[in-house]
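Down below is the structure, laid out as structure tokens.
The values are calculated or read from the model by the stated rules, or taken from the named source; none is laboratory data. Keep in mind it's a predicted model, so treat the numbers as computed, not measured. Here the Cβ positions follow ideal geometry from the backbone for every residue, glycine too, while neighbour counts run over all protein chains shown. Remember, those area values only see protein heavy atoms, side chains included, never the ligands or the DNA or RNA. Shrake-Rupley method; radii C 1.70, N 1.55, O 1.52, S 1.80 Å.
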Amino acid sequence: MAIEFKKPAHWLDRLRGMFAALLLCGLGGFAGVAHAGYAAIVVDPATGQVLNAVNPDEQNYPASLAKMMTLYLTLQALQSGKLKLDQQLPISAWAASKAPTKLGLRRGQTISVGDCILGMITKSANDAATVVAEGLGGSEDHFAEMMNAQAVRLGMAHTHFDNASGLPDPASVTTARDMVTLAMALYHDYPQYAHYFATKEFMFRGHLVRGHNRLMDRYPGMDGLKTGFTDASGFNLASTAVRDGQRLFGVVMGGHTAAARDHLMARLLDDSFDHQQTPAILVAQAAGVSPSMTRRVLAALSPIGNAEAETVPVRQRHHRGGKRTLAASGGCTAHRGASCPRRNQARHPARGTTTRLASHHPRKGKQKAALASRHTADLAKAP
């Protein structure tokens with residue numbers, strides 16, 4: 001739901017509005033730099049309609065949601081024939097040195113493209129993401145340029161990537177709207193690989209690698225996409241779920257805990273399937289803003305609108321069998337007095353790999369703070 005501010009009539013109103021705006025931009029909770037901001041969005045890809053939204057164009061840190069773009073370019077290369085699933089890619093010292101989470105790759109070894117894909121989706125492996133980046137771009141820096149060029153083509157107007165993994169970097173920023181645009185594009189542009197995002201675990205060199213996306217175990221109809229976390233971003237999640245033949249895509253950014261993030265995503269999807277608005281106060285509370293603080297912030301804002309008339313532009317494509325899938329292609333859209341931010345399958349996994357997938361079940365019933373450092377406590381948490 002879009003949030004509008006009254007035009008201040010005097011200095012007290014102006015001060016109140018500034019205070020509220022700062023809190024809603026992610027400084028609420030006063031937990032230091034741990035959470036750059038909070039945001040949420042749910043979109044119906046068939047129409048592009050935004051069903052729920054809070055701070056959808058506020059820039060935040062992507063964390064491992066950045067790997068969705070690395071995966072997009074990987075699938076693009078598979079479709080064009082530039083890569084093959086069983087193709088072995090070399091592991092450099094730079095890739096092997098990436099902080100956890102990782103597959104534990106060693107310099108001088110090789111890994112298949114298929115295992116890199118599964119490693120990124122399940123364990124959010126930073127070393128696997130870097131291997132693919134170097135394989136496609138020659139270097140991770142050049143691959144980041146490829147990521148940014150593709151972001152422009154998809155209409156992700158407020159996103160910038162500085163690496164392939166989403167490891168902390170003050171220059172890497174995105175928005176909930178841009179991330180949901182990317183999520184929908186993955187399913188629209190590469191439907192033959194969509195099953196990968198339902199992977200919950202896979203065998204890698206004799207070891208079972210389990211995924212971080214716990215919500216897929218508990219939410220009927222959810223079959224992807226990606227988790228993310230760093231101290232600076234908070235807990236992020238991009239999800240897609242199907243109910244009664246309708247697929248929705250959602251993104252939550254800046255969760256205070258993984259459990260709070262997952263609970264909020266489930267509520268957002270439930271409300272959106274039921275054509276209801278999720279209260280903005282719940283999004284703030286999931287980010288760790290206390291109920292009393294949230295009530296004071298919302299009391300300073302008037303009116304609180306909703307996004308029922310807002311849409312995300314979609315592209316249409318017909319596939320064999322008469323099935324049609326759609327994806328977002330637009331960036332920021334000003335609406336209801338709010339302005340845009342000022343800142344600018346292969347059908348089988350690779351040989352030797354076994355996977356367990358999430359199954360479908362019908363439903364029963366900007367950069368608001370610079371990073372203090374890139375120390376291990378931050379780097380080790382990018383699932």
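For the stretch 35-141, the helices (runs of 4 or more DSSP H) that sit wholly inside it and include 3 or more residues that are open to solvent by less than 10 Å² (accessible area, probe 1.4 Å) and either closer than 19 Å to Phe229 by Cα or in contact with a strand residue (DSSP E or B) (Cβ under 9 Å, 6 or more places away or on another chain) (or both) are 67-80, 113-122, 126-137. Filtering the stretch 175-191 to residues that are acidic (Asp, Glu) and closer than 13 Å to Gly250 by Cα leaves only Asp178. Remark: pairs (first residue in the stretch 188-206, of a type in the set (S, T, N, Q); second residue part of a helix (DSSP H, G or I) and open to solvent by 10 Å² or more (accessible area, probe 1.4 Å); Cβ separation under 6 Å; 6+ apart in sequence or on different chains) = Thr199/Ile121.
Out of Ala133, Ala157, Ala95, Ala128, report the one residue that is under 22 Å from His212 (Cβ atoms) and in contact with a Cys (Cβ under 7 Å, 6 or more places away or on another chain). Spell out how you get there, then give the answer.
Numbers: Ala133 fails: in contact with a Cys (Cβ under 7 Å, 6 or more places away or on another chain); Ala157 fails: under 22 Å from His212 (Cβ atoms); Ala95 fails: in contact with a Cys (Cβ under 7 Å, 6 or more places away or on another chain).
Exactly one of Ala133, Ala157, Ala95, Ala128 is under 22 Å from His212 (Cβ atoms) and in contact with a Cys (Cβ under 7 Å, 6 or more places away or on another chain), namely Ala128.
With the condition kept exactly as written, say whether any residue in the stretch 150-165 is at pLDDT 95 or above, in contact with a Phe, Trp or Tyr (Cβ under 9 Å, 6 or more places away or on another chain) and among the small types (Gly, Ala, Ser). Yes: the stretch 150-165 contains one or more residues that are at pLDDT 95 or above, in contact with a Phe, Trp or Tyr (Cβ under 9 Å, 6 or more places away or on another chain) and among the small types (Gly, Ala, Ser). Is there a residue being closer than 19 Å to Ala258 by Cα and either touching a Cys at 6+ places or on another chain (Cβ under 6 Å) or among the β-branched types (Val, Ile, Thr) (or both) anywhere in the stretch 221-236? Looking for residues that are closer than 19 Å to Ala258 by Cα and either touching a Cys at 6+ places or on another chain (Cβ under 6 Å) or among the β-branched types (Val, Ile, Thr) (or both), one finds at least one in the stretch 221-236, hence yes.
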